[in-house]
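Here the structure comes first, spelled out in structure tokens, and everything after it is commentary.
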Amino acid sequence: MIRFPSLEVPILTFAVLAVAWGFILFRMRLVNRSAQGRVISLAFLCLAVAPTVAVRPLRYFFDRVVGVPDLTILIGGVATLAGIALVVQFGLIVTGTNVRFVRVAQTVLAGASLVMVTMFLIVPRRLDEPDFGYWQPTHPATIIYHLVTLTCTSGGLVIAAKLLLPLWRRSTGGPLRVALFLLWLGFLWLLVYAGCRYWYVISYGFGFVPRFTRYETYGQFTEIAAGLGVLCVVLGGLIQAGLNAMRWLRRLRGYRRLRPLWTELVDAVPTVVLRRRFGGSLELRLYRRTVEIRDAQLELAGRVSPDTRASAAMALEEAGLSDPLALDACVLRIGLSSAPALHPAETSAWSADSGLDDEVANLLELNRLLRDPAVVAAAQRCLTPL
């Protein structure tokens, strides 16, 4: 019979971990979609393991269940280095430069992980004395283990803070700028935490401070620095996640609102449909819908002769509509009621340089004008023979 030890986690800590791991599991759905999605999702996963096993009740619980003293400390350290290596790899994928630096950094991190595993096996550890850094601070293996971990982690934090600072300075006002600032500030607080850990390892490891003395003050300040760092990073991440969620909801709304226009045009020109069965993310499906609408618009605009288009422009001017998009809507309405013909297609309001969100807004306005009574009347006027 296996007996599991009791586990008590503060409700606030549990809530933060639940939100963080919910976000991580949501991100993991991107693992097989692209190289960038795979790398950044695995980086999030690795970097989430370290603060999770740093929670003392969870750490003690897992160690007692597994029966290996301080195993979670090693897992957290190796996961942190793996996360840093993946972030470096992500930077290489995005920028495509500094390949040599990335390879050297990954080699150093791999060597550091090997050193950490070796020191972990050497240092004395006991289940009834958890955290060998506290019970064995003067052991050489303990000193080497922590110095290697702190050096690599501090290096990663410095690089991250250095990369975020120009992004924050160049960003315009708004939530994104606040999120970047919070992330940068969080990295600075985590560097303060790393500095406190350096002081602890050197002071206690080399005997400058007697063992088990002044630990309460050190522990409080260290936990405050770590807490502020994690809080800033979490808040920055939540702001960014909130922005992404708002963009996703906005695109979902646009995708659904474009359905009537897409249905009407696809029924008129079924050959523009790229593929009947199409999966992928919402962004890809929305992009596909805009492409099919624009292809159908080009096809239908080709059914309208230049003379008819000029007549439509005159009719719209008489109705007080001089917007080029209104002319495109009128031509589209005429094309829906015309037989296929070979005329040059003209769509004056379509800009290939616009982003997806701008294109969706443009098409939604086109859909509104397509049903505007003045545009419908102008189209009927052009279709009615004199």
Query raised in the report: Name the pairs: first residue in the range 164-178 and part of a helix (DSSP H, G or I), second residue of a type in the set (Lys, Arg), Cβ to Cβ under 9 Å, at least 6 apart or on different chains?
Result: Trp168/Arg177
Query raised in the report: Quick check: anything in the range 5-20 under 14 Å from the mean Cα position of the chain (by Cα), surrounded by 13 or more Cβ atoms within 10 Å (Cβ to Cβ) and at pLDDT below 75?
Result: yes
Requested in this report: Working only within the range 121-138, note down all residues that are of a type in the set (Phe, Trp, Tyr) and surrounded by fewer than 20 Cβ atoms within 10 Å (Cβ to Cβ).
Outcome: Tyr134, Trp135
Query raised in the report: Are there any pairs, at least 6 apart or on different chains, whose C-beta atoms fall under 8 Å, with the first in the range 51-68 and buried (at least 17 other Cβ atoms within 10 Å of the Cβ) and of a type in the set (A, V, I, L, M) and the second modelled with pLDDT under 80 and outside any helix (DSSP H, G or I), and if so, which?
Result: Val55/Val9; Leu58/Leu7; Leu58/Val9
Query raised in the report: Applying the selection to the range 249-283, what residues are hydrophobic (A, V, I, L, M, F, W, C) and at pLDDT 85 or above?
Result: Leu249, Leu252, Leu258, Leu261, Trp262, Leu265, Val266, Ala268, Val269
Query raised in the report: Would you pick out the residues in the range 296-317 that are in contact (Cβ under 8 Å) with a residue 24 or more places away in the chain, part of a helix (DSSP H, G or I) and not small (Gly, Ala, Ser)?
Result: Gln297, Leu298, Glu299, Leu300, Pro306, Thr308, Arg309, Leu316
Query raised in the report: Hey, does the range 254-269 have a residue that's within 24 Å of Ala20 (Cβ to Cβ) and of a type outside the set (Val, Ile, Thr)?
Result: no
Query - Options Arg250, Arg288, Arg256, Arg275: the member that is in contact (Cβ under 8 Å) with a residue 24 or more places away in the chain and of a type in the set (Lys, Arg) - result: Arg250
**Report entry** Test for Gly155: is it surrounded by 16 or more Cβ atoms within 10 Å (Cβ to Cβ) and modelled with pLDDT under 90
**Finding:** yes
Report summary line: Output for Cβ contacts, cut-off 8 Å, separation at least six or different chains, first residue touching a residue at least 24 places away in the same chain (Cβ under 8 Å) and assigned to a helix (DSSP H, G or I) in the range 112-135, second crowded, with 17+ Cβ neighbours inside 10 Å and among the polar types (S, T, N, Q), reads Ala112/Thr149; Met116/Thr149; Met119/Thr142; Phe132/Thr142; Gly133/Thr142
Query - Count of residues meeting criterion [under 22 Å from Ala379 (Cβ atoms), surrounded by 14 or more Cβ atoms within 10 Å (Cβ to Cβ) and either polar (S, T, N, Q) or in contact with an Asp or Glu (Cβ under 6 Å, 6 or more places away or on another chain) (or both)] in the range 255-300 - result: 3
Query raised in the report: Would the range 30-50 turn up any residue that is modelled with pLDDT under 75, surrounded by 18 or more Cβ atoms within 10 Å (Cβ to Cβ) and out of contact with any Leu (no Cβ under 9 Å at 6 or more places or on another chain)?
Result: no
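The values are calculated or read from the model by the stated rules, or taken from the named source; none is laboratory data. Here the structure is a predicted model, which is why all the values come from computation and not from measurement. For neighbour counting, all protein chains shown are included, and Cβ atoms are generated from backbone atoms with ideal geometry for every residue, glycine included.
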